[in-house]
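Report on the structure given below.
The values are calculated or read from the model by the stated rules, or taken from the named source; none is laboratory data. Please read these numbers as outputs of a predicted model, since none were measured by experiment. All Cβ positions, even for glycine, are placed from backbone atoms using ideal geometry, and neighbour counts span all protein chains on display. With ligands, DNA and RNA removed, areas are computed over all heavy atoms of the protein, side chains included. Shrake-Rupley method; radii C 1.70, N 1.55, O 1.52, S 1.80 Å.
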Amino acid sequence: QGFPYWMAQSVILHGWTLAQQGQVQAGIAQIHQGLLTLRATGAEVLQPYFLALLAEAHGTLGEPEAGLAVLTEALTRVDSTGERWYESEIYPLQGELLLQQSSDNQAEAENCFHHAIEIARTQQAKSFELRTVTSLARLWQQQGKHAEARQVLGEVYHWFTEGFDTADLKDAKALLD
């Protein structure tokens with residue numbers, strides 16, 4: 001039957017997978033193609049998420065400006081559609097891309113992290129909160145704020161009672177250590 005909506009999502013996710021496996025240019029091209037196909041169906045749902053995947057791929061390629069432009073579109077869609085489930089992942093990505101762009105962007109990146117943490121807490125999204133707190137703690141560690149970094153990360157890390165073999169919890173634990 002074709003199912004263009006589902007095919008478009010598959011192309012986007014395949015493109016992100018390619019980018020994660022090191023084929024970043026090909027992945028970005030596939031994500032773009034999938035987004036075009038998805039938009040042709042008239043679908044609005046999941047676009048902030050898919051745009052965040054595209055922005056992440058641009059960051060992997062060392063193109064923070066392109067990633068930030070994509071995130072601006074993602075946040076515009078969040079506001080226009082009210083689809084906020086992935087919003088707390090968009091802001092930390094924005095912060096990471098700002099840091100990649102320039103070390104002068106630390107204050108702006110920190111604001112992104114704090115905003116994302118607030119959203120994640122409101123949504124009770126502990127995994128999203130953990131990822132963002134890890135980014136914030138990493139930034140604070142680089143700034144010499146070791147005690148503050150350890151405290152904020154420890155509070156969220158110790159909330160978890162299982163899943164310690166997952167990448168996010170391993171990353172947080174390594175930073176705590």
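The figures follow:
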{"quantity": "Residue match in region 144-165 (condition: closer than 24 Å to residue 47 by Cβ and not hydrophobic (A, V, I, L, M, F, W, C))", "calculated": "no"}
{"quantity": "Residue that is farthest from residue 110 (Cα to Cα), among those in region 127-177 that are out of contact with any Phe, Trp or Tyr (no Cβ under 8 Å at 6 or more places or on another chain) and among the small types (Gly, Ala, Ser)", "calculated": "163"}
{"quantity": "Contacts under 8 angstrom Cβ, first residue in region 12-29 being farther than 14 Å from residue 50 by Cβ, partner outside any helix (DSSP H, G or I), 6 or more apart", "calculated": "24/61; 25/61"}
{"quantity": "Region 89-109: number of residues that are touching a helix residue (DSSP H, G or I) at 6+ places or on another chain (Cβ under 6 Å) and either farther than 15 Å from residue 55 by Cβ or open to solvent by 50 Å² or more (accessible area, probe 1.4 Å) (or both)", "calculated": "4"}
{"quantity": "Residue count, region 74-84 (criterion: open to solvent by 50 Å² or more (accessible area, probe 1.4 Å), farther than 14 Å from residue 43 by Cα and either among the hydroxyl-bearing types (Ser, Thr, Tyr) or assigned to a helix (DSSP H, G or I) (or both))", "calculated": "2"}
{"quantity": "Those residues of region 85-133 which are assigned to a loop (DSSP other than H, G, I, E, B) and either within 20 Å of residue 175 (Cβ to Cβ) or more than 13 Å from the chain's Cα centre (by Cα) (or both), in sequence order", "calculated": "102, 124, 125"}
{"quantity": "Scope region 141-174; condition open to solvent by less than 60 Å² (accessible area, probe 1.4 Å) and closer than 20 Å to residue 121 by Cα; matching residues", "calculated": "149, 152, 153, 154, 156, 157, 160, 163, 168, 169, 172"}
{"quantity": "Odd one out for residue 134 among (1) hydroxyl-bearing (Ser, Thr, Tyr); (2) open to solvent by less than 10 Å² (accessible area, probe 1.4 Å); (3) closer than 22 Å to residue 44 by Cβ", "calculated": "(3)"}
